[in-house]
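A.B. asks: Quick one: structure below, then a few questions.
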Amino acid sequence: MACLAQPPFMMSTNSVPRVRSPMQKVLKNSHAVHLHTLSYIRMKHSPVCCTKLTRWEPSSATYTPTESADDSFLTKTANIFETLSSVSTDEAQETNSEKRIDASNQTRPEVQFLKWPMWLFGPSLLLITGMVPTLWLPLSSVFLGPNIASLLSLVGLDCIFNLGATLFLLMADSCARPKLPAQACKSKPPFSYQFWNMVATVTGFIIPLMMAFGSQKGFLQPQLPFISFSVLLGPYLLLISVQILTEMLTWHWQSPVWLVTPVVYEAYRLLQLMRGLKLGTELSAPAWMMHTIRGLVSWWVLILSMQLMRVAWYAGFTSRTHHQQ
């Protein structure tokens, strides 16, 4: 509300002599004009209050907090100019980040074009490092007898496969990432999957150790020497340990390849066990050892089938979620 007030002003008058004509003297009796001297007449003007502003006076800005608003209005610094400068700096940084995101989105199709060869190179690398040495390499060039050299040769073959499997999983993870970098890609497996998958892997790891322990204690006859057992199932146990470590890393990083990792390792594990059956014949392994290896083959075929069914279930679950969204 604007208030208009004027200070009191002083008005003084002096007596002015008037010249009277004869005609005016006649009218003197009927109309007597008395002129009094008004000295120092003070006129006081009371203030006038109005709510309407003039056209040239700007309206004042007001701030009315709402119920949902918090007490964060200009509370960054004690100086309002520093607050405004900091706000403008934040806005400039947000603008620059948006520009960088737009620039990255523009260059993203080129990166996606580079991913297409991975669809062929990744499986080819897995085939070369895993299947070719096991299927086409003569067993006599690898197995030289129940000794350390044969054990190291078999472990070297498995290390070559592990290198190819790691590169394959890295390329699969890169292909599974979203096209836009601003989109987050976090795929966390359910706890039930982690639990039962770990139970199956640990079971396949404990059974051979129990059989070896029973052989060393004399519960299983005839006894199998430790070096022969190492040649038959040593690389198998080592690769299971690598699989457990790899799966735990994919779960921790929430990588999309957590569903593919056990399939890759379990498929190669079947080749390991089939190779163990051939080596068991060369080493004249006892019958209980051969039956153990056959039981492990059946166990991992069952687990691999369940993994493939889980892949099919996950594909249907993803399709239903996409339609619901």
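The values are calculated or read from the model by the stated rules, or taken from the named source; none is laboratory data. Computed from a prediction, not measured in an experiment: that's the story for all the values here. Note that we place each Cβ from the backbone using ideal geometry, even for glycine, and neighbour counts take in every protein chain shown. The accessibility values were calculated without ligands, DNA or RNA, using every heavy atom of the protein model including side chains. Shrake-Rupley method; radii C 1.70, N 1.55, O 1.52, S 1.80 Å.
A.B. asks: Of everything in the stretch 144-172, what is of a type outside the set (Val, Ile, Thr), open to solvent by 70 Å² or more (accessible area, probe 1.4 Å) and assigned to a helix (DSSP H, G or I)? Give them in sequence order.
C.D. replies: Correct list: LEU152, CYS159, LEU163, LEU167, LEU170.
A.B. asks: Among the residues of the stretch 310-325, is any crowded, with 20+ Cβ neighbours inside 10 Å, of a type outside the set (Val, Ile, Thr) and at pLDDT below 95?
C.D. replies: No, the stretch 310-325 has no match at all.
A.B. asks: Under 8 Å between Cβ atoms, at least 6 apart or on separate chains: pull out the pairs that start in the stretch 223-243 with a residue that is closer than 11 Å to GLN272 by Cα and end on any residue that is aliphatic (A, V, I, L, M) and in a loop (DSSP other than H, G, I, E, B).
C.D. replies: Note: pairs meeting the criteria are LEU232/ALA285.
A.B. asks: Applying the selection to the stretch 92-143, what residues are open to solvent by 70 Å² or more (accessible area, probe 1.4 Å), at pLDDT 55 or above and of a type in the set (Val, Ile, Thr)?
C.D. replies: Matches in the stretch 92-143: ILE128 only.
A.B. asks: Checking PHE195 against (1) within 27 Å of the chain's Cα centre (by Cα); (2) in a loop (DSSP other than H, G, I, E, B); (3) loosely packed, with under 14 Cβ neighbours inside 10 Å: exactly one of these is not met. Which one?
C.D. replies: (2)
A.B. asks: On to the next question. Out of everything in the stretch 283-305 that is in contact (Cβ under 8 Å) with a residue 24 or more places away in the chain and either farther than 30 Å from GLN216 by Cβ or open to solvent by 30 Å² or more (accessible area, probe 1.4 Å) (or both), what residue ends up being farthest from the chain's Cα centre (by Cα)?
C.D. replies: The first filter runs over the stretch 283-305 and keeps only residues in contact (Cβ under 8 Å) with a residue 24 or more places away in the chain, leaving 283, 285-286, 288-289, 292-293, 295-297, 299-301, 303-304.
So of that shortlist, the ones also either farther than 30 Å from GLN216 by Cβ or open to solvent by 30 Å² or more (accessible area, probe 1.4 Å) (or both) come out as 283, 288, 295, 299, 301, 304.
On the way: LEU283: 52, TRP288: 50, GLY295: 42, TRP299: 37, VAL301: 35, LEU304: 30 Å.
That would be LEU283.
A.B. asks: With the structure loaded, tell me whether TYR268 is part of a helix (DSSP H, G or I), aromatic (Phe, Trp, Tyr) and either open to solvent by 40 Å² or more (accessible area, probe 1.4 Å) or under 16 Å from THR203 (Cα atoms) (or both) or whether it fails that test.
C.D. replies: Criteria not met by TYR268.
A.B. asks: Filter the stretch 244-256 for residues that are over 17 Å from MET306 (Cα atoms) and either of a type in the set (A, V, I, L, M) or without any contact (Cβ under 8 Å) to a residue 60 or more places away in the chain (or both) and give the result.
C.D. replies: Residues satisfying the conditions are ILE244, LEU245, MET248, LEU249, HIS252, TRP253.
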